1. Per the Kirkwood definition applied to all pairs of different Cα atoms, how many angstroms is the hydrodynamic radius of the chain?
2. What is the extension gain from residue 156 to residue 255, computed as 0.36 nm multiplied by their sequence separation minus the C-alpha to C-alpha distance, in nm to one decimal?
3. Can you sort 274, 106, 92, 127 so the residue with the fewest Cβ neighbours within 10 Å comes first?
4. What is the gain in length, in nm to one decimal, between residue 90 and residue 312 on full extension, counting 0.36 nm per residue of separation less the C-alpha to C-alpha distance?
5. Residue 78 label point, 7 Å along Cα→Cβ, cut-off 15 Å on backbone N: hits in segment 186-207?
6. So how compact is segment 213-333: Cα radius of gyration and Dmax in angstrom?
7. Below 12 angstrom from the Cβ of residue 285, what's the summed charge of the other residues (Lys, Arg +1; Asp, Glu -1)?
8. Against the longest principal axis of the chain, how steep is helix 106-119, in degrees 0 to 90 to the nearest 10, with axes from Cα atoms?
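What follows is calculated from the coordinates using simple rules that are stated; it is not laboratory data. Note that the structure is a prediction, hence the values are computed from the model and not measured. Every residue, glycine as well, gets a Cβ built from its backbone with ideal geometry; the counts of neighbours run over all protein chains shown.
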Amino acid sequence: MGDKAQGRKILVVAELRGETIHPVTFELLGKSREIVEHTGGEVYSVVFGSSIDKAKASELIHYGADRVFLFKDPVFSVLNPMLYAYNLVKLCREEKPDIILMGATCFGRSLGPRVAAALKTGLTADCIDLRIDENGELIQVRPAFVGNILAHIKTKTKPVMSTVRYRVMKAREKDESRSGLIIEKTAEKLFQDRIRLVGEAVPKRLNITDAEIIVAGGRGLGSAEGFKLLGELASLLGGVVGSSRPPVDDGWIRKEHQVGYSGSIVKPRLYIACGISGSPQHLFGMKDAETIVAINSDPSAPIFRVADYGIVGDLYQVIPLMIKEIKARRSSVG
Ligand SMILES: Cc1cc2nc3c(=O)[nH]c(=O)nc-3n(C[C@H](O)[C@H](O)[C@H](O)COP(=O)(O)OP(=O)(O)OC[C@H]3O[C@@H](n4cnc5c(N)ncnc54)[C@H](O)[C@@H]3O)c2cc1C
């Protein structure tokens, strides 16, 4: 990276899902603003899309970009990583950012390594935090050794590239009064015929990260059977089932349900923790939920320290009562 006094140029690679900008992009813009407030410099963003217009691209400015490079071309209707990478590498060679950030999503994971290889630089994947040291150097924080330690990584090669997990950083409030520059770019249309879209698969996987309501169970369930009860409550509330790590380790439920440090980070409106003690590793994944309800038979369980509502009791008595009450209220309304 250059001299601290020169400031930093950070490039956030925006991700589009259909017509919508994926929120991880706004989180990365928020973090980038925080960094340049410390080091000086500018936040750039780049977006590729077949139908994205200037109005949509200006959302990136409202969330923190000073400059947006807009590649609008029908070739970007197919997510062809070679084509995206080629254009991104070209842009990076022209603009010379010090730091390049993208989401640790399928998009970022597919694009990041290609771009890093072409720019002959390193890539720190799956970061959960980014900090600046006293010299203005970027420190990338990520779990290492199967999540047993948190590695603090400084990259020697430039630009510094990181992919960052969704929901670990805070987006800034949208500020429609922010102004910035939108620069339209012409796409190089290489490799177009290498990938052909034959249809879109509807993902069967659980998307716990975006769930608004999560009913999660822990070792206190005692067996895999307990998740059936949790599933009933979750479906009544229109939510999904989550889990702490022990039920996953014991094979009671699949890994994609796991919340926490080595699982998913969630920010639902409602998180009901059933038979979960509240270890730091679990709290890491759910502490930002809007409302936390804890059901635990041990009044001294640490989960009660973060809970908005705590129920001390046996979950096998409490949850059936909740289900009964919800059903009774629904039938009296309908
Ligand atoms: C590197 C590393 C990464 C980790 N990553 C994660 C992670 O991503 N997610 C995660 O969750 N953990 C993670 N862990 C594990 C973590 O340290 C804890 O061991 C784990 O969170 C404990 O899960 P638990 O709360 O379900 O179980 P316990 O701590 O055993 O708690 C069970 C709770 O259930 C209560 N209980 C028992 N019976 C009932 C009942 N009938 N009704 C009501 N309450 C009852 C008990 O009072 C107790 O509080 C990680 C650990 C390490 C070392």
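1. Numbers: mean 1/r = 0.0460 Å⁻¹.
Result for the chain, one decimal place: 21.8 Å.
2. Details: separation 99, 0.36 × 99 = 35.64 nm, distance 3.45 nm.
Result: 32.2 nm gained on full extension.
3. Details: 274 28, 106 12, 92 20, 127 23.
Taking fewest neighbouring Cβ atoms as first place, the list is 106, 92, 127, 274.
4. Numbers: separation 222, 0.36 × 222 = 79.92 nm, distance 5.91 nm.
So the extension gain works out to 74.0 nm.
5. 189-201
6. 13.2, 42
7. Working: positive: 165, 167, 245, 267, 287; negative: 288.
Surrounding charge for residue 285 is +4.
8. 30 degrees
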